[in-house]
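Below is one structure; the comments refer to it alone.
The values are calculated or read from the model by the stated rules, or taken from the named source; none is laboratory data. Since the structure is predicted, the reported quantities are computational estimates derived from the model, not experimental observations. Note that each Cβ is placed from the backbone with ideal geometry, even for glycine, and that neighbours are counted across all protein chains shown. Note: areas computed on protein heavy atoms with side chains; ligands, DNA, RNA excluded. Shrake-Rupley method; radii C 1.70, N 1.55, O 1.52, S 1.80 Å.
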Amino acid sequence: MNRPYNFSAGPAAIPEEVLQRAAAEMLDWHGSGMGVMEMSHRGKEFIAIYEQAESDLRELLAVPPTFKILFMQGGGLAENAIVPLNLSRAGTVDFIITGSWSQKSHKEARKYAAQVHTAASAEASGFTSLPDPASWQLSRGASYVHICSNETIHGVEFQQLPDLQALGSDAPLVMDCSSHIASRAIDWSRVGLAFAGAQKNIGPAGLTIVIVREDLLGHALPICPSAFNYKTVAENQSMFNTPPTWGIYMAGLTFQWLKNQRHGELTGIAAMEQRNIAKAQQLYDYIDGSQLYLNQVAANARSRMNIPFFLRDASRNDAFLAGAKERGLLQLKGHKSVGGMRASLYNAMPMAGVEALIAYLQEFERHQA
Ligand code: PMP
């Protein structure tokens, strides 16, 4: 039996091959007599799992050797505190507000950073567009500039990372890429630090990935908890305290799955990116051409990963969701703060799932006529 298609924004669908492999190895990993959850994080078995995951992620995302990859806990929201604790240096930090997640990050930073400055905000547009980088009011000498490169709730994604130097700022770019990491290539020349909770595109909740340029380490505020001090975590290969071992293992299986993906001549993330473009395009095209459904995000800001849409007749929402569930299309309800629907098309969602969704959208629309 085919599993239903799961459009959850996170925790989200995991590739079936990954789940099956984890199930097969649950009681005995590679003849060790132990399941991964039962292993010491300092034993040779787990160290092998960890090292493979780290090097596969580095290869997949082409992370330069000048960056450390950290496997932490706390999720995206903890990073909203951990980043200013490590990087604000008691100075000014700049925020670009493009939706709920950057808003939350901004609010949390005010507890730790000496000055928090809103350099640009798209709030006036109802978060349906991205402020043009040329209009950003960046502070001189800022410790960093924070963006959320994919706003999971509003469905807004930076299609290009800002070039801060070209905008006259020497500050490192910090990006919350929780909901589109591993869906596209990253231009590391524009990034100081990237963080992401794993539970959308990488694996189970509980693992947070931080990729940070080495020169940014070692400047934490004295109140920074040791377990959240990036330098301490880096010096201990993410094992200053017990890391989320199961999450790292599952992430490693996902990285191997990603490395095996093909699209024409392309492999890995490049293959995935082309597929993600095609999936999102099909769904946006259908929504834009329909009389019933609506997505209000500006064309150049539309997310490939999270596609919120509304029924023009909101009284049909419950019927829509019930019909979707009957057809094996799960978790399409929009975030409570914006309402309507949301389809998350992470890497694990195949094109067939998008086609099944579009077929249902069509069927439901026909029945409205
Ligand atoms: N940032 C973004 C972009 C997110 O989508 C989420 C979760 N939906 C978070 C941060 C918060 O992550 P967590 O719940 O793991 O703290």
Worksheet item: Pick from Gln199, Gln256, Gln282: which residue has the top mean-square fluctuation in a GNM of the chain where Cα pairs under 10 Å get a spring?
Response: Gln282
Item to complete: Determine the relative contact order of region 265-368: mean sequence separation of Cα pairs under 8 Å and six or more apart, normalised by residue count, in whole percent.
Response: 28 percent
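What size of dipole, in debye to the nearest 20, comes out for the chain about its Cα centre when the only charges are +1 on Lys and Arg C-beta atoms and -1 on Asp and Glu C-beta atoms?
Details: 31 positive and 34 negative charges, 115 e Å.
It works out to roughly 560 debye.
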Response to the item:
Residues whose built amide H sits under 5 Å from the amide H of Tyr144, excluding neighbours closer than 5 in sequence, are Asp94
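Give me the extension gain from Glu51 to Ala205: residue separation times 0.36 nm, minus the current Cα-Cα distance, reported in nm with one decimal.
Numbers: separation 154, 0.36 × 154 = 55.44 nm, distance 2.01 nm.
Here the segment from Glu51 to Ala205 would lengthen by 53.4 nm.
Ranked highest first by average number of other Cβ atoms within 10 Å, how do 305-315, 28-38 line up?
Working: 305-315: 19.2, 28-38: 13.5.
Result, highest mean first: 305-315, 28-38.
Quick one: of the DSSP bridges fully inside region 17-258, what percent are antiparallel, nearest 5? Write down the numbers at each step before the final one.
Working: 13 of 29 bridges.
Taking every DSSP beta bridge with both residues in region 17-258, the antiparallel ones total about 45 percent.
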Worksheet item: From a point 7 Å beyond the Cα of Glu59 in the direction of its Cβ, which residues of region 227-257 have a backbone N at a distance under 14 Å?
Response: 252-257
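Using 0.36 nm per residue, how much length does the chain from Ser121 to Arg190 gain when fully extended, once their Cα-Cα distance is taken away?
Working: separation 69, 0.36 × 69 = 24.84 nm, distance 2.05 nm.
Taking 0.36 nm per residue and subtracting the Cα distance, the gain is 22.8 nm.
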Discussion item. For a test of the definition: using alpha carbon positions, the gyration tensor, and the 1.5 limit on a/c, classify region 98-200 as rounded, prolate or oblate.
Written reply: rounded
Worksheet item: Is the shape of region 303-369 best called rounded, prolate or oblate, per the rule: a/c under 1.5 gives rounded, else a/b larger than b/c gives prolate, else oblate, with a ≥ b ≥ c the square roots of the Cα gyration tensor eigenvalues?
Response: oblate
Worksheet item: Got a number for carbon plus sulfur as a percent of region 259-340's accessible area, 1.4 Å probe?
Response: 47 percent
Practice prompt. Excluding residues on the same chain fewer than 8 positions from Lys279, give the lysines whose Cα lies under 28 Å from its Cα.
Written response: Lys200, Lys259, Lys325, Lys333, Lys336
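Relative contact order of the chain, please, whole-number percent, based on alpha carbon pairs below 8 angstrom and at least 6 residues apart. Write out the running numbers ahead of the final one.
Details: 702 pairs, mean separation 82.1, N = 369.
About 22 percent, as a whole number.
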Practice prompt. Sort the chain into rounded, prolate or oblate with this rule: let a ≥ b ≥ c be the square roots of the eigenvalues of the Cα gyration tensor; rounded if a/c is under 1.5, and if a/c is not under 1.5, prolate when a/b is larger than b/c, oblate otherwise.
Written response: oblate
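Could you compute the FRET efficiency for Asn241 and Glu214, with r as their C-beta to C-beta distance and R0 at 30 Å, rounded to 0.05? Don't jump to the answer; show the numbers that get you there.
Values: r = 21 Å, r/R0 = 0.71.
FRET efficiency, Asn241 to Glu214: 0.90.
Students often check this: by mean Cβ neighbours within 10 Å, which of 362-368, 80-86 ranks highest, and how do the rest follow?
Values: 362-368: 13.0, 80-86: 24.1.
With the highest mean Cβ count within 10 Å placed first, the list reads 80-86, 362-368.
Hey, with R₀ at 51 Å, roughly what FRET efficiency would Ser139 and Leu27 work out to, going by the Cβ-Cβ distance, to 0.05?
Values: r = 55 Å, r/R0 = 1.08.
Result of the calculation: an efficiency of 0.40.
Per residue, how many Å² of accessible area does the chain show with a 1.4 Å probe?
Values: 16020 Å² over 369 residues.
Using a 1.4 Å probe on heavy atoms only, each residue of the chain averages 43 Å².
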Worksheet item: Mind checking which aspartates and glutamates have their C-alpha under 15 Å from Lys107, skipping anything on the same chain fewer than 8 residues away?
Response: Glu79, Asp94, Glu123, Asp176
Response to the item:
One finds, for Ala322 and Gln20 with R0 = 30 angstrom and r their Cβ-Cβ distance, a FRET efficiency to the nearest 0.05 of 0.50
